[in-house]
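Colleague: I'd like to ask some things about the structure below.
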Amino acid sequence: MYGVVTRNPEELDWPEFERGFYEMKDVTGRATEPVEAGVNMISCFGDSTAAENDPSLVPVSDEGELATREQPYFDWGYICPTREAYRDGLLEMVSDAAEAYPDVRLDDVGFPRAEYCHCEQCESEFAASDYDDWKAWRASVITEFVAEASDRIPGKTYLTLYPDPYPGHLYERAGLDLDALSEHVDEFVVPLYDMAYSTTYWLEVIASGFEDALDAPFSIELYAVDIDIDDLIHATEVADAYGNDVFFGYESGNARAAVRRMDADSRDGVTHGN
């Protein structure tokens, strides 16, 4: 099955795509009303606007650095997952999304990097918890949030994963316990973005790594903006060999052209690739 990830509601009805994801809230903090035509997608703890407006919400590293766009390894600002009022707002957003369409996709879930968060709130909650291990406590914070969100979703709960299947990396980096999360998540989505897809061996390596790492179903999301159609088709064929489905991000016209070409070629008996 092919799907699309878009900011344009009208593209959710395009017949080439069997599944549509609508970016209801993105990492800038921009939020819109949920749609009824597709899966509403919510950036949870990525929120540059909230981070800029209230720096006290921003995660703090063990060296006192804030998780903002000013850091060389962050493209957007983050909010600490322990902030109850912000979490409550996210959960209300999830409920609104689920009322419009039964499935919901959770994006940007987790702590920003392994060295976060050591803010006062996190230090206090860890000290008061039953955990001796800081990483285990972090993972419990994220699992609890996903469980609460999933309880509000009557259909499928999708969860986006950072594209690193190496054993333990997601746990250490973001506090994502894949086994624990699988009890609350129906399908994971792994974005494997490239600006060209002129080679795809790396895509196969990462996809096969997630095949080993996950017991739950997962799909792969490809970047469709300004990608040569033949290269996008080849990347799709590789992704399709591993993921449940393949989704295309942020240029629906290019993705539609690729799907149409693949459909035409399959009817004519033509295949792409090496």
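The values are calculated or read from the model by the stated rules, or taken from the named source; none is laboratory data. Computed from a prediction, not measured in an experiment: that's the story for all the values here. With ideal geometry, Cβ positions are generated from the backbone for all residues, glycine too; neighbour counts draw on all protein chains shown.
Colleague: When you go through E52, E92, E70 one by one, which is the residue that is without any contact (Cβ under 8 Å) to a residue 12 or more places away in the chain, of a type in the set (D, E, K, R) and farther than 28 Å from I153 by Cβ? Break it down into steps so the answer makes sense when it comes.
Modeller: On the way: E52 fails: without any contact (Cβ under 8 Å) to a residue 12 or more places away in the chain; E92 fails: farther than 28 Å from I153 by Cβ.
Just a single option satisfies the conditions, and that option is E70.
Colleague: C44: in contact with a helix residue (DSSP H, G or I) (Cβ under 7 Å, 6 or more places away or on another chain), under 24 Å from G168 (Cβ atoms), in contact (Cβ under 8 Å) with a residue 12 or more places away in the chain and not aromatic (F, W, Y), yes or no?
Modeller: Numbers: in contact with a helix residue (DSSP H, G or I) (Cβ under 7 Å, 6 or more places away or on another chain): yes; under 24 Å from G168 (Cβ atoms): yes; in contact (Cβ under 8 Å) with a residue 12 or more places away in the chain: yes; not aromatic (F, W, Y): yes.
Answer is yes for this residue.
Colleague: Considering only residues that are of a type outside the set (K, R) and out of contact with any Pro (no Cβ under 8 Å at 6 or more places or on another chain), look in the range 94-108 and name the one that is surrounded by the most Cβ atoms within 10 Å (Cβ to Cβ). Reasoning before the result, please.
Modeller: Start the filter on the range 94-108 by keeping residues that are of a type outside the set (K, R), which leaves 94-104, 106-108.
Still in the list and also out of contact with any Pro (no Cβ under 8 Å at 6 or more places or on another chain): 94-95, 103-104, 106-108.
Details: V94: 24, S95: 15, D103: 20, V104: 29, L106: 25, D107: 23, D108: 20.
Out of the qualifying residues, it is V104.
Colleague: Separate question: Being under 24 Å from Y22 (Cα atoms), touching a residue at least 40 places away in the same chain (Cβ under 8 Å), in a helix (DSSP H, G or I) and not charged (D, E, K, R), is that true of even one residue in the range 256-268?
Modeller: There is at least one residue in the range 256-268 that is under 24 Å from Y22 (Cα atoms), touching a residue at least 40 places away in the same chain (Cβ under 8 Å), in a helix (DSSP H, G or I) and not charged (D, E, K, R).
Colleague: Within the range 99-109, is even one residue in a helix (DSSP H, G or I), among the hydrophobic types (A, V, I, L, M, F, W, C) and either without any contact (Cβ under 8 Å) to a residue 24 or more places away in the chain or in contact with a strand residue (DSSP E or B) (Cβ under 9 Å, 6 or more places away or on another chain) (or both)?
Modeller: In the first step, residues of the range 99-109 are kept if they are in a helix (DSSP H, G or I); the result is 99-100.
Imposing the further condition that a residue be among the hydrophobic types (A, V, I, L, M, F, W, C) reduces the set to 100.
Still in the running and either without any contact (Cβ under 8 Å) to a residue 24 or more places away in the chain or in contact with a strand residue (DSSP E or B) (Cβ under 9 Å, 6 or more places away or on another chain) (or both): 100.
Looking for residues that are in a helix (DSSP H, G or I), among the hydrophobic types (A, V, I, L, M, F, W, C) and either without any contact (Cβ under 8 Å) to a residue 24 or more places away in the chain or in contact with a strand residue (DSSP E or B) (Cβ under 9 Å, 6 or more places away or on another chain) (or both), one finds at least one in the range 99-109, hence yes.
Colleague: I need the full set of residues from the range 147-188 which are part of a helix (DSSP H, G or I), of a type outside the set (G, A, S) and more than 14 Å from the chain's Cα centre (by Cα), in order please. Even if it seems obvious, please write down each step before you answer.
Modeller: Filtering the range 147-188 for residues part of a helix (DSSP H, G or I) gives 147-151, 169-174, 178-182.
Checking which are of a type outside the set (G, A, S) leaves us with 148, 151, 169-173, 178-179, 181.
Answer for the range 147-188, where residues must be part of a helix (DSSP H, G or I), of a type outside the set (G, A, S) and more than 14 Å from the chain's Cα centre (by Cα): E148, D151, H169, Y171, E172, R173, D179.
Colleague: Next question, about the same structure. Any chance you could count how many residues in the range 189-207 are assigned to a helix (DSSP H, G or I) and in contact (Cβ under 8 Å) with a residue 40 or more places away in the chain? If you could, list the steps in order and put the result at the bottom.
Modeller: Start the filter on the range 189-207 by keeping residues that are assigned to a helix (DSSP H, G or I), which leaves 201-207.
With the extra rule that they be in contact (Cβ under 8 Å) with a residue 40 or more places away in the chain, the set shrinks to 206.
Qualifying residue count for the region: 1.
Colleague: Among the residues of the range 209-249, write down those that are more than 18 Å from S266 (Cβ to Cβ) and in contact with a His (Cβ under 9 Å, 6 or more places away or on another chain).
Modeller: none
Colleague: While we're looking at this one, here's another question. Does the range 110-136 hold any residues that are closer than 23 Å to L178 by Cα and either part of a helix (DSSP H, G or I) or at pLDDT below 95 (or both), and which are they?
Modeller: Of everything in the range 110-136, those that are closer than 23 Å to L178 by Cα and either part of a helix (DSSP H, G or I) or at pLDDT below 95 (or both) turn out to be C122, E125, F126, W134, K135, A136.
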